Amino acid sequence: MRTRRGSAYIITMALASLIAIAALSYVDASTKELRDARRRGQDNAMSHLCDAGAQDCLKGFWKTFKTTQSFSNLDAVCGSASAVVPKGAVSDAIDGVGRYTAAIIHCAQPGTDTYTRDVTVRTLGWLDTNSNGVLDSDEPVKVVDVKVEFKLMRSSVFDYVKFTNNYGYATGFSPQTLIINGDIKSNGDHTMLSGTFTNNGSLVACPNAKLDSGVTGLISGIPVKWSSTTYETNQANKKATADNEARWRQAYDPLKHGTRNSPQYQLWKDIIFDSDASVVSGEVDGAVLKDKNGSKAWSLEKIGDPLSTTLLDAESAQETVMPDLSDISSYQTLSSTYKDDKASYLDGTANPNYNQGAYIDVWNSTTNAYQRITTNGNVVGSAIMVGTSAHPIKIHGPVTISQDAVIKGYVSGQGTIYTGRNVHVVGSLRYTTPPDFRGTSPTDIDDQNEQADVLGLAARGSVIFGDPSQFNANTLKYMTPPFTKPRLDDNGNTIPAYDATSVDYTGTMRYKSVLGDAALKKVAEDVNQVDAIVYTNNLSGGELGKGGNGVILNGSVICKDSAHSHFSGPSYRNYDPRIKERSSTQKPLIDIVLPRSPALVFGTWQSKGVKYAL
């Protein structure tokens, strides 16, 4: 147990010790020859104290960083830290062991990397043999520098075709009416409320103490999953439209993709579907059911078949931290300062947008020309964007719209639209040049798809599909309590359940646009296809396929709450692996500056000196 027995005098003495490290009489661990049990015991105890001090010093900054997902607090408190003027000092004791004091002596952005802060914590651990709370000259002491990185990293939520930061569920589908080609994760339980679906990928649920009581971290209801052979046959036999099939990942074939863990397989593994999960080089590979009880391979090709499961790994699934867009000003700054740093593509083709800033151009039918609606990558207020096959919306880089974005039609380019409030998708949204994941060479597939269109939609509010003025009571039921649930933030504060019908700071119901019903109704039409990576801090929902012909979602839907009403089928969801971090490079094929998640990466643990008792 740690006790807080410090005083102003102790802290002063501890900081004085930090500043005067050079005055200590050190015994260099690399040259000392005395390895007796007493010194080993002292060293182990002091190392433990130093480690505790470093963690105690960092935990407050990490908690704030994890919650705000901003470097503002760290920069303000520790930006001027040095060995002479340490910042964020802590001092404490571990009963029966000794005392420590620790502070940050360095905090800076490394070069031009705005997503990282290098931090060094200097920590002293000493054996307070006379229990006076002060480091005396004859007491054993060890000094350690711990180097860490506070980072906003590419978020693993974008590894999923569907990610819900709450309870995951499905209701009203059958294996023929909902086919998901990609991995699914819920930061909580995943439950089949009624019916089932086909899931050609992994399904993950996990324990989550931030959700309402009753979370088990379990999957309830097992979806159907095609075998790799059935998947390949359905894709080749044009089971769906050609464009849909071109978006499917390939089914694993050892003759084409190599035996598992071979160099050839490593080139393919991030862009294929392997129905038969296994353990490869100590890691689970392929489609699994994963929850708090571990990872299982499963086989259930159709309803009525016997369910077969095999436990591959007993380790529980863990919560994935979701990016936060609360501070929209940071994205406005990102939009205004962005420059495309890719000079050429993988095939050697020059990038025509190299060194260009972020922008959106839309066709103006009055002037019969494209019009740039952004200024330095930003739009103040809201924007309605409509693209046609002849005159698509053109996007480049991360663009920020301070209120609502209303969008439909064809899109050309690569970029992400951030909004201070909602994104309203009021009609089908299609790429002018879509990707195609068919082929025999992973290099050729990447070369082709690296230059194809890709769009991110990232809303601080919600992403709403369809004409909100026409939503029926059943659609709204899934957008309001009691179906939506409250949750806790990292500080233990309750975040109320999402209520689409509540009025926000603009005086508008949360699921509607500040532009008004009439403006959206004028351009709205059925939503049958959405080509986009969809991200929202709140709810993704609305009405899809109302006029028939089913629904195809090519990309991902990442949200806290999900409420998509499908009025016709079949519905397909196809993951776009171009945004997945590749195992070989630790980078996605295309970086469209999607939202990032906080991470604390520990680097070196360096002893700066040690003094033992005589």
Just want to confirm a number: the relative contact order over the stretch 204-294, from Cα pairs under 8 angstrom separated by 6+ residues, in percent.
34 percent
Of all chymotrypsin sites (Phe, Trp or Tyr not before Pro) in the stretch 310-346, which ones are in loop regions per DSSP and have a Cβ with at most 15 other Cβ atoms within 10 Å?
Tyr345
Just to confirm the filter: which trypsin sites (Lys or Arg not before Pro) across the stretch 271-339 are DSSP coil and have at most 16 other Cβ within 10 angstrom of their Cβ?
Lys302, Lys339
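Given only helices, namely DSSP H runs of n ≥ 4 each adding -39500 (n - 2.57), what is the per-residue ellipticity at 222 nm of the chain, to the nearest 500 deg cm²/dmol?
My calculation for the chain gives -5000 deg cm²/dmol from helical runs alone.
Only helices at least 24 Å long along their axis, Cα-based, and averaging -1.0 or more on Kyte-Doolittle count here, so list those DSSP H runs from the chain.
Values: long enough: 37-68 (46 Å, -0.85).
What comes out of the filter, once short or polar helices are dropped, is 37-68.
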Each label point is 7 Å from the Cα along the Cα-to-Cβ direction; what then is the distance between the points at Ser469 and Asn549, in nm?
2.3 nm
Kirkwood-type radius of the stretch 274-403, with distances r between different C-alpha atoms, in Å
19.6 Å
Could you tell me what percent of the DSSP beta bridges with both partners in the chain are antiparallel, to the nearest 5?
45 percent
Averaging over all projection directions, find the projected area of the Cα convex hull of the chain and quote it in nm² with one decimal place.
31.8 nm²
Kindly state, to the nearest 0.05, the FRET efficiency for Ile495 paired with Thr171, given R0 = 22 Å and r defined as their beta-carbon distance.
0.35
Quick check on the stretch 323-594: take the gyration tensor over C-alpha atoms, sort the square-rooted eigenvalues as a ≥ b ≥ c, and tell me if it's rounded (a/c under 1.5), prolate or oblate.
rounded
Toy charge model, Lys and Arg Cβ at +1, Asp and Glu Cβ at -1: the chain dipole around Cα centroid in debye, rounded to 20, equals 700 debye
How far is it, in nm, from the label point at Lys587 to the one at Asp95 when both lie 7 Å from their Cα along the line to the Cβ?
5.3 nm
What share of all Cα pairs of the stretch 336-443, in percent, falls into each consecutive 5 Å distance bin?
3, 11, 19, 22, 19, 14, 7, 4, 1, 0
Quick check on the stretch 162-313: take the gyration tensor over C-alpha atoms, sort the square-rooted eigenvalues as a ≥ b ≥ c, and tell me if it's rounded (a/c under 1.5), prolate or oblate.
oblate
Among the listed pairs Lys210/Lys512; Lys185/Lys546; Lys66/Lys560, which are separated by more than 21 Å between their Cα atoms?
Lys210/Lys512; Lys185/Lys546
Tell me whether the stretch 506-578 comes out rounded, prolate or oblate; compute the Cα gyration tensor, take square roots of the eigenvalues as a ≥ b ≥ c, and use a/c under 1.5 as the rounded threshold.
oblate
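Bear in mind that the values in this text are calculations on the coordinates, not laboratory data. Keep in mind that what you see is a predicted model, and the values were worked out from it rather than measured. Note that each Cβ is placed from the backbone with ideal geometry, even for glycine, and that neighbours are counted across all protein chains shown.
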